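> Here's a structure for you.
The values are calculated or read from the model by the stated rules, or taken from the named source; none is laboratory data. What you see is a predicted model, and the numbers here were worked out from it, not measured in a lab. Positions of Cβ are backbone-derived with ideal geometry, glycine not excepted, and every protein chain shown enters the neighbour counts. Heads up: the accessible areas ignore ligands, DNA and RNA and are worked out on the full protein's heavy atoms, side chains in. Shrake-Rupley method; radii C 1.70, N 1.55, O 1.52, S 1.80 Å.
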Amino acid sequence: MNQTVSFQHAPVRRLPMPEFIAMLAFLFATIAFSIDAMLPALPQIAESLTPGNLNRAQLILTSFVAGMGTGTLFAGPISDAIGRKRAITIGFAIYSCAALAAIFAESIEMLLLARFIQGLGAAGPRIVGLALVRDLYEGREMARITSLVMMVFIIIPALAPSIGAGMIWLAGWHGVFAGFLFFALVGVSWLNLRQAETLPPERRRPLQVAPLKEAAREVLTDRHVMLCTFILTLGFGQMFALLSSAQQLFGEAYGKGDAFPYWFAAMALLSGSGTVLNATFVIRFGMRRIAKWAYMMQTCVSSVMLVLIGADLLPAALQFPAFFLWAVSVFFMAGVTFGNLNALALQKMGHIAGMAASVVAAISTVLATVIAAPVGLLYNGTALPVIIATLICSGLAWFMMRFLRD
């Protein structure tokens, strides 16, 4: 039976929590799938469209992320004005058109442009989905719901490289974009057929310059929100840097190219335990404390890895296992930090949840690509560039966490 949440002016029905979590997980998983499913296609795309500079294929990931970061500037305020469902639907429409254009791209430049536009559309479900959760929940309860969503949708990103490899086997790298179209259709249909609008007309904010400036200024001048945003930037930056180099590291550095989809799936599933732990303990220990512990752990683990690999202290038989466990720790850290930091950032911003989600995501995503793109291009046949980047990002995040309060 559908439940009802009472707002100040009107009651809003919502789905039973299991279906609500599953639906949001699918929306978010579609975005993660848009990144992870591309990994097995990068070598084929590089050979086809940029044979003279194979590293340029990595820009297919960062161009999508850059587009998504740009789109987040608009998705939240638009959803504050027209409602959550309509904004997500528009985002999926843009995403789908760009995926169709990518299928027919004949140059790396056209493919990168299509991926950027696809990222613009992906900002709709990603950002407005968070605002939708904030419409119904806040504080530690929101962090718990977000962690449960991540726990469910982690399955699809874990399987994404394997699914992408199957699509490539059937239809070449173009087939991956056909998969994006299918996922978008399922997600937007589920949302529109089952989920009630969570932002009633009387609570919407017009798309006018003065109210938008006022809301943006409120978010940008809030020290707590900006601190959460910059910590998220560091977390996203190190994760995107690892994703950008993952195919080359597994395939070239450690000779696991043929089995890459399976190793990636195992890595994602193991790291998914972080979301389970966070959902279990966040009510008890709080969002800030758990995130602080996670960044401290990652700083220590990356320091050890830097010494072991930099000084060549590992025997050949242990080099890949050590790298694999370290990579799992990076994704584990994401599972216990991202939901908590988003909930902390939006805690006081329920009245402008769309704008706040947009500002936080836009800044953190765009700046994360500034970190990740150079790290990916610095790939030198070893894991050292991404390990050093992770150590710096986690260390800075750990230091900044001391200034954050629940």
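> Within straight cross-link reach of LYS256, meaning Cα distance under 18 Å, which aspartates and glutamates are found once same-chain residues fewer than 8 apart are removed?
Result set, ordered by chain and number: ASP36.
> Continuing with this model, one more query. Dipole of the chain, Cα-centred, from +1 at each Lys and Arg C-beta and -1 at each Asp and Glu C-beta, to the nearest 20 debye?
Here the chain has a charge dipole of around 1220 debye.
> Taking amide H positions as placed 1.01 Å from N in the peptide plane, with prolines and chain starts having none, which residues 5 or more places from ALA37, or on another chain, fall under 5 Å of its amide H?
Hits under the 5 Å cutoff: none.
> For region 75-85, just list the computed ³J(HN,Hα) in residue order, Karplus coefficients 6.51, -1.76 and 1.60, θ = phi - 60°, integers in Hz, with x standing in for Gly and Pro.
Whole-Hz 3J(HN,Hα) from phi for region 75-85: 4, x, x, 5, 5, 5, 9, 10, x, 5, 5.
> Keeping every protein chain in place, order LEU277, LEU325 by accessible area at 1.4 Å, biggest value first, i.e. largest first.
LEU325, LEU277
> Given only helices, namely DSSP H runs of n ≥ 4 each adding -39500 (n - 2.57), what is the per-residue ellipticity at 222 nm of the chain, to the nearest 500 deg cm²/dmol?
Taking each H run of at least 4 residues, the total per residue is -26000 deg cm²/dmol.
> With unit charges on the beta carbon (Lys/Arg positive, Asp/Glu negative), name the residue among ALA29, ALA372, SER63 whose Cα is farthest towards the positive pole of the charge dipole of the chain.
ALA29
> Turning to a different aspect of this structure: What list of whole percents do you get for P(r) of region 83-234, with Cα-Cα distances grouped in 10 Å bins up to the one holding the largest distance?
All Cα pairs considered, the percentages come to 9, 28, 36, 21, 6, 0.
> Within 10 Å, at most 11 other Cβ atoms, and a DSSP state outside H, G, I, E, B define an exposed site. Report the longest part of the chain free of exposed chymotrypsin sites (Phe, Trp or Tyr not before Pro).
105-402
> Using 1/(1 + (r/R0)^6) with R0 = 45 angstrom and r between the beta carbons of TRP190 and ALA266, what's the FRET efficiency to the nearest 0.05?
Efficiency computed from Cβ-Cβ geometry: 0.95.
> Where in the chain lies the longest segment free of trypsin sites (Lys or Arg not before Pro) that are both loop residues by DSSP (not H, G, I, E, B) and have at most 13 other Cβ atoms within 10 Å?
1-401
> Could you give the length gained on full extension between ARG223 and CYS300, defined as 0.36 nm per residue of separation minus the Cα-Cα distance, in nm?
24.9 nm
> With only Lys, Arg, Asp and Glu charged, each at its Cβ (+1 for the first two, -1 for the last two), find how big the charge dipole of region 149-248 is about the Cα centre; round to the nearest 20 debye.
Taking the Cα centre of region 149-248 as origin, the dipole is about 120 debye.
> What is the percent carbon and sulfur in the accessible area of the chain, measuring with a 1.4 Å probe over the protein chains and ignoring ligands?
Its accessible area is 68 percent carbon and sulfur atoms.
> A follow-up question, please. Report the gain in length on full extension from ALA210 to LEU313: 0.36 nm times residue separation, minus Cα-Cα distance, nm rounded to one decimal.
Length gained between ALA210 and LEU313: 31.1 nm.
> Would you mind checking the radius of gyration and Dmax of region 171-306 based on alpha-carbon positions, in Å?
Both quantities, over Cα of region 171-306: 21.0, 58 Å.
> Let me ask you something else. Sequence neighbours fewer than 8 away in the same chain don't count; with that in mind, list the lysines whose C-alpha is under 20 Å from LYS348.
The qualifying lysines are LYS213.
> Karplus couplings for region 294-308 from phi (6.51 cos²θ - 1.76 cosθ + 1.60, θ = phi - 60°), rounded to Hz, Gly and Pro as x?
Working through the residues one at a time gives 5, 5, 4, 4, 5, 4, 5, 5, 5, 4, 5, 5, 4, 5, 5 Hz.
> A further question on this structure: Among THR50, CYS228, ILE388, pick out the residue whose Cα is farthest towards the positive end of the charge dipole of the chain, where Lys and Arg carry +1 and Asp and Glu carry -1 on C-beta, about the Cα centre.
With unit charges placed on the Cβ atoms, the residue in question is CYS228.
> Please give the direction-averaged projected area of the C-alpha convex hull for the chain, in square nanometres with one decimal.
Seen from a random direction, the Cα hull of the chain projects 18.7 nm² on average.
> Please build a GNM for the chain, connecting alpha carbons under 10 Å apart, and tell me which residue among LEU377, LEU243, LEU130 fluctuates the most.
Most flexible of the set in this elastic network: LEU377.
> Please report, in whole Å, how far the alpha carbons of region 272-406 spread along each principal axis, starting with the longest.
On the principal axes, region 272-406 reaches 55, 33, 25 Å in Cα extent.
> Using the Karplus equation 6.51 cos²θ - 1.76 cosθ + 1.60 (θ = phi - 60°), what ³J(HN,Hα) coupling, rounded to whole Hz, does each residue of region 36-46 give in order, writing x for Gly and Pro?
Ordered by residue, 3J(HN,Hα) equals 5, 5, 6, 4, x, 7, 4, x, 5, 5, 4 Hz.
> Let me ask something else. Express the accessible area of the chain per residue in Å², computed with a 1.4 Å probe while the remaining protein chains stay in the model.
Accessible area per residue, the chain: 39 Å².
> If you take the beta carbon distance between LEU325 and PHE403 as r and set R0 to 30 Å, what does 1/(1 + (r/R0)^6) give as a FRET efficiency, to the nearest 0.05?
0.45
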